[in-house]
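Encoded as structure tokens, the structure appears first; notes follow it.
The values are calculated or read from the model by the stated rules, or taken from the named source; none is laboratory data. The model shown is predicted, which means the values in this text are computed figures rather than measured ones. Cβ: placed from backbone, ideal geometry, glycine included. Neighbour counts: every protein chain shown.
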Amino acid sequence: MNKVTAEAGHIEDHGLGFTYPCYKDMADNNIIFAFRGRVNSDLVTHVLEMMGEKLEDENESKKVTKKLSNVMVECLTNVYAEDDPALMDQGYDPTALLLVKKITNTYSVITGSYVPTRRVHEIKGMLDHINNLDTEELKKYYKEKLEEEDVNQNGLTILGMIDLARKSRHNLIYHFKHENKNYTYFMLEAQISTKTL
Amino acid sequence: MEPLKIEPTHKTPKVYFAPQENVFELSGRSIPEDSVGFYKHILDWIDDYGKSPNSLTEFNFELEYFNTSSSKNILELLKKLEGIHESGHNVKIYWYYDEDDEDMEETGEDYKALLSVPLELKMKVY
């Protein structure tokens, strides 16, 4: 039974006070799926299954389901590619956030994760470059990067971002929230319009 | 030559390379964290097979999803098949994609544009 405190005149929340604002935020932003945790390929598989079932329940078309799954694989792959072990002993949070929202005819897949602050400039430059390319230029750039023999992490990240832009057929939306000199929170959104599918 | 058969998992594809049966198939999902480690065995096997290949090798790719690092390894596999073709042996590659999956179709087109070995895109209709 909740107690009413005389001073505050409200019901004690037993530490659950954050739950309703959390729900409200998700509802107001049309979030249909949310996950926070470590990302690995097992997680990717489970997320795809859950989203597949959810979209099937909502009678979403197979084309949309497939497109959304392809974009989610790419988003999550980029997140675990960014899981930098060098930061692990600096007290940063290695978990990632995955959100899927739907507003009328557009799905958005949003990821949030920490990246080393020293990489912010480079990631921003990479995304700006990708966003400035048209469909044919993106295709050409993708093939160039695919053929590059250098398979370091940076090369894979660029290839993944190009692939994400091509699959979503929209510019990639991003934002960085600087936290300290070591790490910065990186938010990335890929949109999918169901109208064009 | 001994066949290479690897059972599929929820994150790695089925590998069924059986020269005696003339069946070569890579199918399912390819989203391992360590794709280089997974594909090394496959690429080594293809190197050996290339020393004495069948007169006709028909190779089927029927992938559901794959991640970025797998895409590099798949290109490497395709280039090895191209090498077998260029050494005078007949190689045909079939790239299957689901009728609802424009991305897998587009990826097949990208690979086709990068290779000289015959690669045919085949739509799976349900």
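Could you tell me which of the residues A:64, A:44, A:71, A:39 is assigned to a loop (DSSP other than H, G, I, E, B) and within 14 Å of another protein chain (Cβ to nearest Cβ)? Lay out the reasoning, then the answer.
Working: A:64 fails: assigned to a loop (DSSP other than H, G, I, E, B); A:44 fails: assigned to a loop (DSSP other than H, G, I, E, B); A:71 fails: assigned to a loop (DSSP other than H, G, I, E, B).
So the residue among A:64, A:44, A:71, A:39 that is assigned to a loop (DSSP other than H, G, I, E, B) and within 14 Å of another protein chain (Cβ to nearest Cβ) is A:39.
With (1) within 14 Å of chain A (Cβ to nearest Cβ); (2) farther than 20 Å from residue B:17 by Cβ; (3) of a type outside the set (Lys, Arg) as the list, and residue B:88 as the residue in question, which single condition is left unmet?
Failing condition for residue B:88: (1).
Quick one: count up the residues across the stretch B:21-44 that are away from every other protein chain (no Cβ under 14 Å), over 21 Å from residue A:74 (Cβ atoms) and surrounded by fewer than 18 Cβ atoms within 10 Å (Cβ to Cβ). If you could, list the steps in order and put the result at the bottom.
So the first thing to find is which residues in the stretch B:21-44 are away from every other protein chain (no Cβ under 14 Å), and the list is B:21-27, B:41-42, B:44.
Of the ones still in play, those that are also over 21 Å from residue A:74 (Cβ atoms) are B:21-25, B:41-42, B:44.
Going one step further and asking which of them are surrounded by fewer than 18 Cβ atoms within 10 Å (Cβ to Cβ), we end up with B:21-23, B:41, B:44.
Number of matching residues: 5.
Can you tell me which residues in the stretch B:51-79 are away from chain A (no Cβ under 14 Å) and of a type in the set (Lys, Arg)? Let's see the steps before the verdict.
Residues of the stretch B:51-79 away from chain A (no Cβ under 14 Å): B:51-62.
Across the stretch B:51-79, the qualifying residue is only B:51.
Can you name the condition, by its number, that residue A:107 falls short on among (1) surrounded by fewer than 19 Cβ atoms within 10 Å (Cβ to Cβ); (2) outside any helix (DSSP H, G or I)?
For residue A:107, the exception is condition (1).
List every residue pair whose Cβ atoms lie under 9 Å apart, where the two residues are 6 or more positions apart in sequence or sit on different chains, the first residue falls within the stretch B:107-125 and is within 13 Å of another protein chain (Cβ to nearest Cβ), and the second residue, located anywhere, is among the β-branched types (Val, Ile, Thr).
What qualifies is B:107/B:74; B:111/B:74; B:111/B:93; B:112/B:93; B:115/B:93.
Would it be correct to say that residue B:77 is within 30 Å of residue A:71 (Cα to Cα) and of a type in the set (A, V, I, L, M)? Walk me through how you get there before you give the answer.
Working: within 30 Å of residue A:71 (Cα to Cα): yes; of a type in the set (A, V, I, L, M): yes.
Spelling it out, residue B:77 is indeed within 30 Å of residue A:71 (Cα to Cα) and of a type in the set (A, V, I, L, M).
Out of the stretch A:139-169, which residues are facing chain B (nearest Cβ under 7 Å), farther than 22 Å from residue B:102 by Cβ and without any contact (Cβ under 8 Å) to a residue 12 or more places away in the chain?
Residues satisfying the conditions are A:147, A:151.
Within the stretch A:119-129, which residues are away from every other protein chain (no Cβ under 14 Å) and not acidic (Asp, Glu)?
A:119, A:120, A:121, A:123, A:124, A:125, A:127, A:129
Considering A:92, A:80, which residue is under 30 Å from residue B:34 (Cβ atoms), at pLDDT below 85 and assigned to a loop (DSSP other than H, G, I, E, B)? Steps first, answer last, please.
Details: A:80 fails: assigned to a loop (DSSP other than H, G, I, E, B).
Criteria check complete, one pass: A:92.
Of all residues in the stretch B:46-104, count the ones that are among the polar types (S, T, N, Q) and surrounded by fewer than 20 Cβ atoms within 10 Å (Cβ to Cβ).
Filtering the stretch B:46-104 for residues among the polar types (S, T, N, Q) gives B:52, B:54-55, B:57, B:60, B:67-71, B:73, B:87, B:90.
Then drop every residue that is not surrounded by fewer than 20 Cβ atoms within 10 Å (Cβ to Cβ), which leaves B:52, B:54-55, B:60, B:87, B:90.
Going through the stretch B:46-104 one residue at a time, the tally reaches 6.
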